[in-house]
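Structure first, then comments.
The values are calculated or read from the model by the stated rules, or taken from the named source; none is laboratory data. The structure presented is a predicted model; accordingly, all values stated were derived computationally and were not measured. Counting neighbours? That spans all protein chains shown, and the Cβs are built from the backbone with ideal geometry, glycine included.
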Amino acid sequence: MARTNDSGGPPGPAGGSGAGGRDAGRPSWAPPVLRGDRLTAGLRTLELDVRGRLDGLLQGNHLGLVPGPGSEPGEARPYQPGDDVRRMDWAVTARTTTPHIRETIADRELETWLVADVSASLDFGTAACEKRDLVVCAAAAITHLTLGGGNRVGALISNGAETVRVPARGGQAHARNLVRTIAEMPRAAEGTRGDLAELVDQLRRPPRRRGLAVVVSDFLGDTGWQRPLRGLSGRHDLIGVEVLDPRDVDLPEVGDIVLADPETGRQREVHASARLRKEFAAAAQQHRGEVARALRQAGAGHLVLRTDSDWIADVVRFVVARKRGWSGATS
């Protein structure tokens, strides 16, 4: 899908430099500046933001973001639509005549793998940040929510031109290095096409122990990544983090604009008439529905982060809803 280029590029600094790498005048929930000579300060601010607002979600409950594969049987609970039927407790189901799921006690060593898509379509943003900044933020949140207790986290990072593999390890120092590696990934040249399906497929080779796989992308283009994602669902719990900008779903009412596809280099100047804006919004909504359906059919959780929204609040809502789902409570 094409993107708009009505603003002449990503938003620049809006005033003087604030504490910790955040610009004055930006919303308080906006990610800090994560580029150039302000990267180190921005990453430090990001870590403080994540700790300050996400701490407490895991207190007293190791389920957290994912229940873990578990080897010890836990409590049985009534089946909820969307539950994994492989965890059906047939003994309790037969005794009560009501379908029940057997919970498992989470293993203390969870291996999490991040697939971070920072291809050219992510080098774009018209609100509080670029989409690639939200990829870094998502990685910081995932590592914070999954590390501890001997857990490990690794990553596959691709800008379309090159792929970097960060081995799965534990510890805060490794987590900081992983997030920094994503933030420092070079921007691909315009016209470089990313291949999310190939990137996801790489996560399956070699086979890894059961754990958590998190795919962070804007999921623009076709849904060819659905098949390899389904392949992962046989061994891993899945989460798809969809990163969006307002211009991905709506055209501005500004007259003549340039639509650009950064992964092919194609550009087209059009007049943003009411009809064109309506057709663009309808096509974008249809694509978003296809992405949501593909993630759902692959058995993945779906978290949406937007450049014009409080991303930490969105993560909190997702985690709380996910924990409620695993415990059988209504969200």
Candidate set: the range 266-317, residues that are out of contact with any helix residue (DSSP H, G or I) (no Cβ under 8 Å at 6 or more places or on another chain) and under 22 Å from ARG235 (Cα atoms); chosen: the one surrounded by the most Cβ atoms within 10 Å (Cβ to Cβ): VAL291
Within the range 108-160, considering residues that are of a type in the set (Ser, Thr, Tyr) and modelled with pLDDT under 95, the one nearest to THR45 (Cα to Cα): THR143
Number of the exception - ALA161 against (1) in a loop (DSSP other than H, G, I, E, B); (2) more than 27 Å from ARG38 (Cβ to Cβ): (2)
For ARG87: the one exception among (1) within 23 Å of HIS302 (Cβ to Cβ); (2) assigned by TED's automatic domain parsing to the domain that holds LEU43; (3) basic (Lys, Arg): (2)
Scope the range 293-328; condition free of Cβ contacts under 8 Å to residues at least 12 places away in the same chain and either more than 22 Å from CYS129 (Cα to Cα) or outside the structural domain of GLY234 (by TED's automatic domain parsing) (or both); matching residues: ARG293, ARG296, ALA321, ARG324
Some residue of the range 200-215 being buried (at least 24 other Cβ atoms within 10 Å of the Cβ) and out of contact with any Ser or Thr (no Cβ under 8 Å at 6 or more places or on another chain): yes
Condition broken by ILE101, with the remaining ones in (1) touching a Pro at 6+ places or on another chain (Cβ under 8 Å); (2) hydrophobic (A, V, I, L, M, F, W, C); (3) at pLDDT 90 or above satisfied: (3)
Looking only at the range 260-276, and only at residues there that are assigned to a strand (DSSP E or B) and within 30 Å of ASP201 (Cβ to Cβ), the one that is farthest from the chain's Cα centre (by Cα): ARG266
Some residue of the range 147-164 being surrounded by 21 or more Cβ atoms within 10 Å (Cβ to Cβ), farther than 14 Å from ASP117 by Cβ and touching a Phe, Trp or Tyr at 6+ places or on another chain (Cβ under 9 Å): yes
Any chance THR192 is surrounded by fewer than 23 Cβ atoms within 10 Å (Cβ to Cβ), of a type in the set (S, T, N, Q) and modelled with pLDDT of 90 or more: no
Close pairs from the range 167-190: first touching a residue at least 60 places away in the same chain (Cβ under 8 Å) and within 14 Å of ARG44 (Cβ to Cβ), partner in a loop (DSSP other than H, G, I, E, B) and among the aliphatic types (A, V, I, L, M), Cβ under 6 Å, at least 6 apart: ALA183/LEU34
Filter result for the condition that a residue is out of contact with any Leu (no Cβ under 7 Å at 6 or more places or on another chain) and modelled with pLDDT under 90, over GLY211, GLY255: GLY255
Tally, over the range 115-157, of residues that are assigned to a helix (DSSP H, G or I), in contact (Cβ under 8 Å) with a residue 40 or more places away in the chain and of a type in the set (S, T, N, Q): 2
Filter result for the condition that a residue is within 30 Å of GLY150 (Cβ to Cβ) and polar (S, T, N, Q), over GLN202, GLN297: GLN202
